[in-house]
Amino acid sequence: MLNDTLKWQNNQVATLIPRYEHGASGKNNADSQTKKDGKEDKSTANALIELAVRHCEFFHDERGDGYAVVTDNQVRLTLGLRRKEFRRWLAGTFYKTTKRAANNEALSTALSVLEAMAAYDNPQLELSNRFAMRDGEIYIDLADKRWRAIKVSAAGWEIVDKPAIMFRRYPHQHALPDPVGGRKLSDIHQHLRIRSKDDQYMMEAWLVACAFPNVPRPAITFHGPQGASKTTTARCIKALVDPSLTGSVDLGKSPADLAQILDHHGVPCFDNLTSIQTWAADMLCRGVTGGAFTKRELYSDNSDVILSFKRPIIITGINIPTHAPDLLDRLLLIELERIPANKRMDETTFWTRFNADLPLLFGALLDAIAGTLRHLPTIKLSRMARMADFTRIACAYAEYAGIGSKKMLSIIMKHASRQTEEVLQADPVATAILNFVKKQVRWTGTASELLNLLNGATPGPRPEKWPRQANNLTRQMNVLQATLEEAGISVTRHKKGRKGDKQVTLEYKAKSSSASSAPSNPPIGGNLPADGNSNVSSVKDDKCEDKHLSTAISSAIKPSTGTASGDAVGKDDKPGVISRTLAGYGAD
């Protein structure tokens, strides 16, 4: 029910609506009726605008779309002006106020004016999807009817009724459970079938990294034989971080389809993929490291719809669905084992047990995120894998969980070697080059000369993707260069002679070089410690041998045959919502 203040405001709006009665005038011809309807439409539109202005605050997001902040019964809603949810609210509130139905023309006119007000007369605010970070604190949208969120800091976590962050919501999103403390994140493995302990640690670190929206996180990829519960595992993970009505989705039929999926889901899940086409692999790479997509707005010639995303992604398949080096470099490969017949259970029993544990597991995840935030400033690494920010988060979680950052870094480096192994085993050109250079140790020549030598060393029918011309080989080597360097082969390009003939030098080095990259974003939380800090946990290079990479090289060179607490509920029907949010953006 509306409170007294809201009833009073509604009565004030109601006075704006002129009352028309049939027979009030003797002129009931068509012209007078048309003028009368026109005046009524204008009056209704004005009343709708007045109603919205009294009850809402307006702003526009980073994409230029208008939004209204509606406070109803102490619940603050963030509704897009172009979305049907706001249109329904406005039409419904108008009817409750006046006992009259607003026609479509009046609604459309009012919404157009409100959009203009949001765009030109009100501030710009950034909206987030499920996860947000500000001033070293993480906010997680519960997506419940009360529009609450979880605030996580290094000190712990709490449920807040009116979060400082505003979220963009979509109809498919389901609510996360109210968290309950007292468990460990590793308890989730009671419901899963992850084969190795190292993979279990990596998956736990990935779950924590989901909450860090400003950094690239790998796409976790569950693979294994039939009956290994790949789909169920993906659903469990999805339920813990970003529950959705759709569960898993397909890749769509075009980049536009996939871009919309990446934009609308906090943690997109793609189940049972056999293969990934080139265009989809490119879009998924952008989805992991961050990207945007534009398309023409419907019924317009010059307006664009902008979609932007940087997402933790879930993928499942019997086999690893891609061996494209660029995408494979962004995958976190987790192998599952087949469930024995004596340990299988029906779906009803499994989900009853998992859902009973879900609030506890969510609480354990929040504890782990808080612990990671505490340890993150103390993490300083002497080497990093390609996704440097994820490496730091994983090592900080390892310190919290008692695994140890040194051990976690070793696991991550071994995982990078496993990715190299996958490419070497799947790509015949990479295997042929590795085999050739291993024998030659060092070779210099043109791409044409190299192709002739590789053709001679590869008798019989060649694979479909085998290069037919020298320029095809050059392009494939560009794609494979990072993988070859991980396998111990340096690739150097140079020109020779007056004509400047392009040549390449391939040299085999006995040991692999560890991938290293500086974070592509500012340090997480903005507080990477300076050198000399006595509290810094330094992980030194222990020069451990990567057995996975050694195996890959050997096989490739063979001939081919906290505690929850709610915020105090105050009298906050409208004033100050956006001003407080803007103040939060300016806080140090």
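Some notes on this structure:
- Pairs beyond 27 Å (Cα-Cα), from LYS230/LYS343; LYS438/LYS502; LYS238/LYS380: LYS238/LYS380
- Taken about its Cα centre, segment 427-508 carries a charge dipole of roughly 400 debye when the Cβ of each Lys and Arg holds +1 and the Cβ of each Asp and Glu holds -1.
- By average C-beta atoms within 10 angstrom, highest first, the peptides 251-258, 481-488, 433-440: 481-488, 433-440, 251-258
- Where segment 185-419 is the region considered: accessible area per residue in Å², 1.4 Å probe: 37
- Once the chain from GLN124 to LYS96 is taken as fully extended at 0.36 nm per residue, the excess over their C-alpha distance is 7.0 nm.
- The accessible surface of segment 45-121, taken with every protein chain in place and a 1.4 Å probe, is 47 percent carbon and sulfur.
- When each of the peptides 102-108, 206-212, 47-53 is scored by how many other beta carbons lie within 10 Å of its residues on average, the order from highest to lowest is 206-212, 47-53, 102-108.
- Point-to-point label distance, SER43-ARG195, nm (Cα→Cβ direction, 7 Å offset): 7.5
- Length gained on full extension, VAL113 to ARG374: 89.2 nm, using 0.36 nm per residue less the C-alpha separation.
- Contour excess over end-to-end distance, with Cα ends at ASP144 and GLN74 and 0.36 nm allotted per residue: 23.8 nm
- In terms of packing, defined here as the mean over residues of other Cβ atoms within 10 angstrom, the peptides 330-343, 260-273 line up highest first as 260-273, 330-343.
- Phi-based couplings in Hz for segment 242-249 (Karplus 6.51, -1.76, 1.60; Gly and Pro marked x): 7, x, 8, 4, 7, x, 9, 9
- Taken over segment 185-419, the convex hull of the Cα atoms encloses 136 Å³ per residue.
- For the pair ALA155 and THR444, a Förster radius of 51 Å applied to the C-beta separation gives a FRET efficiency near 0.30, rounded to the nearest 0.05.
- Two-site label geometry, GLN425 and LYS496: point separation in nm, points 7 Å out along Cα→Cβ: 3.7
The values are calculated or read from the model by the stated rules, or taken from the named source; none is laboratory data. The structure displayed is predicted, hence computed values, not measured ones. No Cβ is skipped: glycine too gets one built from the backbone with ideal geometry, and neighbour counts run over all protein chains shown. Side chains are part of the model used for accessible areas, which takes the heavy atoms of the whole protein and leaves out ligands, DNA and RNA. Shrake-Rupley method; radii C 1.70, N 1.55, O 1.52, S 1.80 Å.
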